[in-house]
Amino acid sequence: MKNKITTIAFDADDTLWANESYFQEAEKQFCLLLENYLPQHTVSQELFATEMKNLHLYGYGIKGFMLCMIETANRISENTVPIEIINQIIAIGHELLQKPVELLPGVTETLTQLKGNYRLVVATKGDLLDQERKLKNSGLEDYFHHIEIMSDKKEKDYRKLLKHLDCTPDHFMMLGNSLKSDILPVLELGGFGVHIPYHVTWTHEQHEVNLEHERFIALQKVDEILGHLG
């Protein structure tokens with residue numbers, strides 16, 4: 001395999017740096033704000049339903065999450081939620097947008113080892129401005145040949161990326177924490193998928209399956225990929 005791979009792509013959120021844990025903290029704050037209307041776990045379910053309904057409109061990212069929180073608050077309160085709570089919801093979103101970038105263990109060391117031997121790419125979903133901010137603040141920009149902030153991560157999206165990179169699937173490897181978004185579409189294309197789990201995963205990205213595939217690698221930490229590439 002190591003002789004085939006020329007391009008290695010990394011998911012960003014929860015692969016290069018922490019992300020979902022911040023969203024879950026924000027969601028807990030939101031549910032606490034609205035516990036006078038519904039139990040917290042029910043508020044969480046209502047928020048997720050709103051996110052799924054609006055995903056095709058907002059895509060992935062903090063700004064869409066803020067709008068979904070506001071919509072959910074209005075719906076479950078029957079449009080009686082005080083403006084003070086709306087302002088607190090907006091403040092939760094602003095806090096998310098200003099979170100420090102916390103690199104995950106082994107990321108910098110792994111990129112340092114790979115740079116120069118492979119063409120390195122970031123392939124991530126999310127809000128354009130927010131992902132650009134995080135990449136800049138991460139100090140990792142110089143490691144990457146190309147940054148792709150994608151509206152979605154389905155087979156057609158990876159096909160478009162590979163065309164842009166002028167790379168065939170059998171020379172392409174994708175590393176990420178989501179089997180659904182980072183691994184399965186790449187395997188379907190004929191590329192290599194490397195799963196590195198994060199300790200929390202958004203419900204929408206969860207995919208329960210025992211995956212067996214000749215081009216699939218399951219790791220526990222990002223730096224373990226070095227042992228598979230030689």
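The values are calculated or read from the model by the stated rules, or taken from the named source; none is laboratory data. What you are looking at is a predicted structure, and each value in this text was computed from that prediction instead of being measured. Cβ sites come from the backbone with ideal geometry, for glycine too, and all protein chains shown count toward neighbours.
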- [ ] Identify the residue in segment 116-140 that is assigned to a helix (DSSP H, G or I) and among the aliphatic types (A, V, I, L, M) and, among all such residues, is modelled with the highest pLDDT.
- [x] LEU135
TODO: Give the residues of segment 65-85 that are farther than 22 Å from LEU55 by Cβ and part of a helix (DSSP H, G or I), sorted by residue number.
DONE: ILE83, GLU84, ILE85
Task: Filter pass, ILE62 being within 15 Å of LYS134 (Cα to Cα) and among the β-branched types (Val, Ile, Thr) - done: yes
Open item on the list: If THR110 meets every condition in (1) exposed (fewer than 14 other Cβ atoms within 10 Å of the Cβ); (2) part of a helix (DSSP H, G or I); (3) under 23 Å from the mean Cα position of the chain (by Cα) apart from one, which number is that one?
Closed with: (1)
Task: Candidates ILE149, ILE85 - the one that is of a type in the set (Val, Ile, Thr) and at pLDDT 95 or above - done: ILE85
- [ ] Quick one: which residue in GLU141, GLU132 is acidic (Asp, Glu), touching a residue at least 12 places away in the same chain (Cβ under 8 Å), in the same structural domain as TYR198 (by TED's automatic domain parsing) and surrounded by fewer than 17 Cβ atoms within 10 Å (Cβ to Cβ)?
- [x] GLU132
Task: Residues of segment 141-163 classified as part of a helix (DSSP H, G or I) and more than 14 Å from LEU189 (Cβ to Cβ), total - done: 3
- [ ] Given the conditions (1) crowded, with 17+ Cβ neighbours inside 10 Å; (2) farther than 30 Å from ASP142 by Cα; (3) among the hydrophobic types (A, V, I, L, M, F, W, C), report the number of the one that ILE62 does not fulfil.
- [x] (2)
Task: Pick from segment 194-230, criterion part of a helix (DSSP H, G or I) and among the acidic types (Asp, Glu), ranking: modelled with the lowest pLDDT - done: GLU205
- [ ] Scan segment 10-41 for residues that are over 14 Å from GLN88 (Cβ atoms), out of contact with any Asp or Glu (no Cβ under 8 Å at 6 or more places or on another chain) and surrounded by 22 or more Cβ atoms within 10 Å (Cβ to Cβ) and report the count.
- [x] 3
Open item on the list: Exactly one condition in (1) within 18 Å of GLN24 (Cα to Cα); (2) in contact (Cβ under 8 Å) with a residue 40 or more places away in the chain is false for VAL81; which is it?
Closed with: (1)
- [ ] Assess whether GLU95 counts as being in a helix (DSSP H, G or I), closer than 30 Å to VAL194 by Cβ and under 22 Å from the mean Cα position of the chain (by Cα).
- [x] no
- [ ] Spot the failing condition for ASN54; the list is (1) part of a helix (DSSP H, G or I); (2) on the phi > 0 side of the Ramachandran plot, and only one is missed.
- [x] (2)
